[in-house]
Amino acid sequence: MKLNVLVLPGDGIGTEVTAEALKVLRETASLYGHQLVLSEGLLGGVAIHQTGMPFPDETRKLALEADATIMGAVGLPEFDNAPPEKRPERGLLEIRKALEVFANLRPVRSYKALLNSSPLKNHLVDGADMIIVRELTGGLYYGTPRGISGNGNEERAVNTMVYTRREIERVSHVAFQLARKRRKKVTSVDKSNVLENSQLWRKVVVEVASGYGDVQLDHLLVDNCAMQLVLSPKRFDVVLTENLFGDILSDEGAVLAGSIGMLPSASLGDKRPSGASVGLYEPVHGSAPDIAGQGKANPLGAIGSVAAMLEYSFGLTDEARAIYEATEEILNSGKVTADLKPEGKPASTAEVGDAVAKALSAYKAANSK
């Protein structure tokens, strides 16, 4: 298969973890006989430095032409006080909007080798395996009116949470279709006791659920869900929620995996004429400029994002499974970065990438006999 992929390394440790993800992607393409066509663009702080904009027109063009995009994190402290349109994070919002990727999938699972890395008790974490499906193009992050106005005691800020029936329906279908391939349970998360927006959310989700009689649906208020994620994480299979709630809950899920550096994500839109599902793939973690350039960053979230790209955008489930298996082998070996609290000397970012690529090659050879 021809894999037409745009690479946006981003800022801080984004460039480092993306390099290791590409190392694994190239190894996978070589082992399985795929043609890999890579292009590279600018996004975030590096784009502001070079073009004055966080999402340049050339990057927009490349993203619309690619079948899938791999991203590093964006964000730099020097832009913390910049106006919203000149912040690196605006580039992230704009590329999501440009590609119309409306469903963000964030798998969260525990690994036997990392149980002691989680601050939660082992018996709570062991066996946790969920996907958080976050609506990505609506809600507070995109609603209007928005902005800051007035002066003195009259200065005020406004953000607007807006959802349409269509937006809720399409992301709900993604969640229910995923659940059919897993343990057939969807937990919809809202704040319907006080928000009219959430009341519409719950109403539409219930209507969509009527078409999936084989999938169990339950509802949780977002504050209760945040508590249950740490008290009883194994109860969850597919968690469906809106943009802001999903942003917060999926980062909370990092405590189950042992480190936020473990978490990949996939943002999906509709299919392209090529048959590939439009996809934007990135690790959940931020740009961590305090450790950038030191070889300390955990690349496994970025490598997992490559596996997700192969699975969701290109339908290459065998290749994705090979990366997942290689990753678990490396975790079991203890050759991991410092955030995962290894017993011996921590491995560097590049050493972990090399180890996964080597394990991938061994896995392919063992399963080709």
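Computed over neighbours whose Cβ is under 14 Å from that of GLY344, the net charge equals +1, Lys and Arg +1, Asp and Glu -1. Backbone amide hydrogens, once placed in the peptide plane, bring LEU240 within less than 5 Å of VAL133, THR187, SER188, VAL189, excluding anything fewer than 5 places away on its chain. Here the residues ARG146, ARG202, ARG90, ranked from fewest to most Cβ neighbours within 10 Å of their Cβ, fall in the order ARG146, ARG202, ARG90. Which part of segment 181-199 falls in the paramagnetic zone of ARG165, meaning amide N under 17 Å from the point 7 Å along Cα-to-beta-carbon? Under cut-off, by backbone N: 197-199.
For LYS364, the lysines whose Cα falls under 21 Å of its own Cα, not counting residues fewer than eight places away in the same chain, are LYS2, LYS23, LYS335. Computed over segment 3-104, the P(r) tail beyond 18 angstrom holds 47 percent of alpha carbon pairs. The separation of segment 342-362 from segment 238-315, counted between C-alpha centres, amounts to 20 Å. Backbone N atoms of segment 90-109 closer than 17 Å to the 7 Å Cα→Cβ label point of ILE148 belong to residues 90.
Take the Cα gyration tensor of the chain, multiply each eigenvalue by 5, square-root it, and list the three semi-axes largest first, rounded to whole angstrom.
Working through the eigenvalues yields semi-axes of 30, 26, 22 Å.
Taking other C-beta atoms within 10 angstrom as a stand-in for reagent exposure, TYR111, TYR281 fall in the order TYR111, TYR281, fewest first. Each principal axis of segment 248-367 carries a Cα extent, and these read 48, 40, 26 Å when sorted largest first.
Its alpha carbons give segment 157-262 an Rg and a Dmax of 13.9, 45 Å.
Our summary gives the chain a relative contact order of 22 percent, counting only alpha carbon pairs under 8 angstrom and 6 or more residues apart. Each label was represented as a point 7 Å from its Cα along the Cα-to-Cβ direction; for VAL158 and GLU196 these points are 1.5 nm apart. Over all other residues within a Cβ to Cβ distance under 13 Å of ALA179, the charged ones net out to +2, with Lys and Arg as +1 and Asp and Glu as -1. Mean-square fluctuations from a GNM of the chain, with a 10 angstrom spring cutoff on Cα atoms, peak among ASN197, ASN151, ASN81 at ASN151.
The distance linking segment 202-226 with segment 79-140 is 21 Å (Cα centroid to Cα centroid, whole angstrom). P(r) for segment 1-56, from all Cα pairs and a bin width of 5 Å, is 5, 19, 23, 20, 15, 10, 7, 2, 0 %, short bins first.
How high is the relative contact order of segment 38-124, given as a whole-number percent (alpha carbon pairs under 8 Å, six or more residues apart)?
28 percent
Lysine pair count for segment 80-218 (Cα-Cα distance under 27 Å; residues 8 or more apart in sequence or on different chains): 13. Projecting label points 7 angstrom from Cα along Cα→Cβ for GLU343 and LYS121 puts them 2.4 nm apart.
For VAL352, VAL278, the sequence from fewest to most other C-beta atoms within 10 Å is VAL278, VAL352.
We did not get these values from a lab; they are worked out from the coordinates using the rules stated. These numbers come from a predicted model, not from an experiment. When we count neighbours, we look across all protein chains shown, and the Cβ atoms used for this are built from the backbone with ideal geometry, even at glycine.
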